[in-house]
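Just below is one structure, and these are the notes that go with it.
The values are calculated or read from the model by the stated rules, or taken from the named source; none is laboratory data. Remember, predicted model here, so these are calculated numbers, not experimental data. Because the Cβ atoms are built from the backbone with ideal geometry, glycine has one as well, and the counts that use them run over all protein chains shown.
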Amino acid sequence: MKRVCREEARAGKTIGLVPTMGYWHEGHLSLIRAARKRCQVLVVSVFVNPTQFGPQEDYRQYPRDLSRDIRSAKAEGVDYLFHPSVEEMYPQGFKTEVEVRELRDKLCGRSRPGHFKGVATVVLKLFSIIRPDVAFFGQKDAQQAVIIKRMIDDLDLDVELVIMPIVREEDGLAMSSRNLYLHPEERRAATILYKSLQKARELVLGGERRASVIISHMKQMIEEEPLARIDYISLTNAENLQEVDIIEDKVLIALAVFIGKTRLIDNLLLDVSGA
Ligand code: AMP
């Protein structure tokens with residue numbers, strides 16, 4: 001992969017990278033299509049990264065279907081599909097980890113300690129191997145996007161970051177490989193995440209600026225859904241992920257909710273400046 005990417009770079013081509021854990025859906029495909037349009041060489045990685053899963057999490061059962069991803073890659077005009085083994089990525093004696101302090105502890109970091117260390121480390125490795133000019137990530141994982149941006153700035157990496165909007169099912173549920181875990185009843189209940197975000201948007205458009213009021217409306221809605229259990233609901237500054245009491249400028253409304261045993265995340269970015 002390194003040799004191929006260096007040759008492409010020497011030939012003066014723009015290299016785009018879309019990092020994924022595979023089992024592609026339309027969310028992944030939106031990143032791949034944007035990257036295809038923008039870059040001369042398109043590399044997509046498929047790697048279920050064990051270091052970003054906690055001991056009680058779903059690393060083993062995480063859905064995988066490489067043949068299907070390969071078919072999609074061909075159909076989308078992907079130039080290289082990078083599918084390293086765990087042993088290649090983390091050979092014996094591996095010791096180095098990337099910690100993006102403070103940002104890693106917020107939102108999802110609270111219930112997934114170590115998750116963003118795993119993410120930052122694997123993304124830096126992918127950047128080092130592929131040396132992309134442009135890397136594409138989804139707004140679905142809002143905190144991940146903020147952390148990768150911070151890492152790029154802090155470590156002076158020559159990578160341009162492109163963040164693509166959340167792709168949703170018709171009923172609003174954000175597409176996710178984990179939606180596969182949902183039984184039909186849970187699938188129906190899972191729409192509560194998006195519905196609560198719509199409620200938040202409505203309140204903000206109606207002039208509400210107090211985070212506590214917005215959170216309590218969302219909380220109440222979600223608590224009425226018997227299959228749902230809130231992990232967190234948070235209104236933060238979209239850039240530094242600090243919680244806000246009163247909304248100003250750009251706010252990230254983010255939540256994580258268990259639907260049965262499946263933990264789902266969603267978010268909404270709103271800009272109230274000049275509104
Ligand atoms: P994953 O395979 O879940 O690690 O996701 C790979 C990339 O796709 C990440 O940058 C995600 O943020 C992005 N992604 C996942 N789901 C969606 C979605 N519904 N809409 C947009 N991007 C997404």
Exercise. If Ala120 passes every condition in (1) in a helix (DSSP H, G or I); (2) under 20 Å from Leu235 (Cα atoms) but one, which one does it miss?
Worked result: (2)
Problem set entry | Filter result for the condition that a residue is in the same structural domain as Ile148 (by TED's automatic domain parsing) and touching a helix residue (DSSP H, G or I) at 6+ places or on another chain (Cβ under 6 Å), over Pro55, Pro113, Pro84, Pro19 | Pro19
Exercise. Given the residues Asp171, Asp133, Asp154, which is the only one that is in contact with a Ser or Thr (Cβ under 8 Å, 6 or more places away or on another chain), in contact (Cβ under 8 Å) with a residue 12 or more places away in the chain and away from the ligand (no atom under 14 Å from the Cβ)?
Worked result: Asp133
Seminar exercise, completed: How many residues of the range 188-211 are within 16 Å of the ligand (Cβ to nearest atom) and in contact (Cβ under 8 Å) with a residue 60 or more places away in the chain? The answer is 4
For this session: Scan the range 41-57 and give yes if some residue there is more than 13 Å from Pro132 (Cα to Cα), more than 16 Å from the ligand (Cβ to nearest atom) and out of contact with any Gly (no Cβ under 8 Å at 6 or more places or on another chain), otherwise no.
Result: yes
Seminar exercise, completed: Of the candidates Leu107, Leu103, the one satisfying the condition of being within 16 Å of the chain's Cα centre (by Cα) and either surrounded by fewer than 17 Cβ atoms within 10 Å (Cβ to Cβ) or more than 28 Å from Leu182 (Cα to Cα) (or both) is Leu103
Exercise. Consider Pro132 against the criteria (1) touching a helix residue (DSSP H, G or I) at 6+ places or on another chain (Cβ under 9 Å); (2) closer than 30 Å to Glu8 by Cβ; (3) assigned to a helix (DSSP H, G or I): it satisfies all of them except one. Which criterion is unmet?
Worked result: (3)
Exercise. Here is a list of conditions, (1) closer than 30 Å to Ser67 by Cβ; (2) out of contact with any Ser or Thr (no Cβ under 8 Å at 6 or more places or on another chain), and His83 meets all of them except one; can you say which number that is?
Worked result: (2)
Exercise. Residues Gly22, Gly27: which one is within 9 Å of the ligand (Cβ to nearest atom), under 20 Å from the mean Cα position of the chain (by Cα) and at positive phi?
Worked result: Gly22
For this session: Select, from Leu197, Leu124, Leu193, the only residue that is out of contact with any strand residue (DSSP E or B) (no Cβ under 8 Å at 6 or more places or on another chain) and either among the hydroxyl-bearing types (Ser, Thr, Tyr) or surrounded by 13 or more Cβ atoms within 10 Å (Cβ to Cβ) (or both).
Result: Leu124
Seminar exercise, completed: Within the range 214-261, of all residues that are acidic (Asp, Glu) and under 26 Å from Leu180 (Cα atoms), the one surrounded by the most Cβ atoms within 10 Å (Cβ to Cβ) is Glu225
For this session: Could you tell me whether any residue of the range 32-53 is in a loop (DSSP other than H, G, I, E, B), without any contact (Cβ under 8 Å) to a residue 24 or more places away in the chain and either acidic (Asp, Glu) or closer than 20 Å to Met175 by Cα (or both)?
Result: no
Problem set entry | Some residue of the range 227-247 being in contact with a His (Cβ under 8 Å, 6 or more places away or on another chain) and modelled with pLDDT of 95 or more | no
Exercise. Quick one: would you say Gln143 is of a type outside the set (A, V, I, L, M), buried (at least 18 other Cβ atoms within 10 Å of the Cβ) and farther than 19 Å from Glu57 by Cβ?
Worked result: no
Exercise. Just for the range 166-176: of the residues that are touching a Gly at 6+ places or on another chain (Cβ under 8 Å) and either assigned to a loop (DSSP other than H, G, I, E, B) or among the hydroxyl-bearing types (Ser, Thr, Tyr) (or both), which one is nearest to Leu66 (Cα to Cα)?
Worked result: Ser176
